[in-house]
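Below is one structure; the comments refer to it alone.
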Amino acid sequence: MQHVNRNSSRTPGFDPRLFLRDEELDYGISLILTGERVLMREAAHLSSRLNIPPLAARVLITIRFEPGRSVSDLREGLGATTPTLARILADLSKRGYIERRKSRSDARRRVLELSHEGGRVTDPAVIGMRNAMRGAYRQAGASAVAGARAVLEALR
């Protein structure tokens, strides 16, 4: 016997009037992926400018926007292998772009942060990303910004 949730209309965030066809969902996914490509072009420029692998640039960008992540969280989030990420982190550390610090909540854990130099070298990429987002937000309008943010936060 299949269980049916009869209380779905009382589920937070559920609106029974919201009918999303597969085509609409597919289009939304396509737009999110396109948006990611636009933003990650800036990471590609960073990669070229610093002469580092694309994954290393993505590591720097991720740490910039999400400081305090552990190595294992970063590895999982980026889908990198342990040896690959270890090599990248060692190189970025050697270049003086990142720092490993003790976690405030658990002294046994090490978390990653950008150094002052890491912040400086990622600034152009971040400015490019902000400009892309600013332009998109302005074009979409104020009411769309709140909706877009709500959808993206729900995907977290």
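The values are calculated or read from the model by the stated rules, or taken from the named source; none is laboratory data. Being a predicted model, the structure only gives us computed values, none of them experimental. Ideal geometry is used to build each Cβ from the backbone, glycine not excepted, and the neighbour counts take in all protein chains shown. Accessible surface is based on the protein model in full, side chains and every heavy atom, while ligands, DNA and RNA are left aside. Shrake-Rupley method; radii C 1.70, N 1.55, O 1.52, S 1.80 Å.
Order of 90-98, 146-154 by packing, highest average Cβ count within 10 Å first? Mind showing how you got there, number by number?
Details: 90-98: 16.4, 146-154: 10.7.
Most protected by this proxy first, the peptides run 90-98, 146-154.
A cut-off of 5 Å between modelled amide H atoms, ignoring neighbours fewer than 5 places along the same chain, links Arg69 with Leu112. Helix 82-94 against the longest principal axis of the chain: what's the angle in degrees, Cα atoms only, rounded to the nearest 10? The angle comes out near 50 degrees.
Per-residue extension of 0.36 nm, minus the Cα-Cα distance of Ile32 and Ala150, leaves a gain of 41.1 nm for this segment.
In whole percent, how big is the carbon plus sulfur part of the accessible area of region 94-143, probe 1.4 Å, protein atoms only? Carbon with sulfur: 47 percent of the solvent-accessible area.
Once you keep just the Cα pairs under 8 angstrom separated by 6 or more residues, what percentage relative contact order results for the chain? Walk me through the intermediate numbers first.
Working: 109 pairs, mean separation 32.3, N = 156.
Dividing the mean separation by the residue count of the chain yields 21 percent.
Candidate values (i) 18; (ii) 39; (iii) 36 were compared with percent of Cα pairs over 29 Å apart computed on the shown model; the agreeing label is (iii).
With +1 on each Lys and Arg Cβ and -1 on each Asp and Glu Cβ, how big is the dipole of the chain about its Cα centre, in debye rounded to the nearest 20?
Working: 27 positive and 17 negative charges, 127 e Å.
In total the dipole reaches around 600 debye.
Can you tell me which of 66-75, 30-39 comes out highest on packing, and rank the rest after it, using the mean Cβ neighbours within 10 Å?
Values: 66-75: 15.3, 30-39: 12.2.
Descending packing order for the listed peptides: 66-75, 30-39.
In the chain, the longest principal axis of the Cα atoms and the axis of helix 22-50 are about 10 degrees apart. Taking a sphere under 13 Å around the Cβ of Ala140 and counting the other residues whose Cβ falls inside, with K and R at +1 and D and E at -1, yields a net charge of +3. Counted by Cβ distance under 10 Å from Pro53, the other residues give a net charge of +1, where Lys and Arg count +1 and Asp and Glu count -1.
Rounded to the nearest 500, the 222 nm mean residue ellipticity of the chain from helices alone is -21500 deg cm²/dmol, with -39,500 (n - 2.57) taken per DSSP H run of at least 4 residues.
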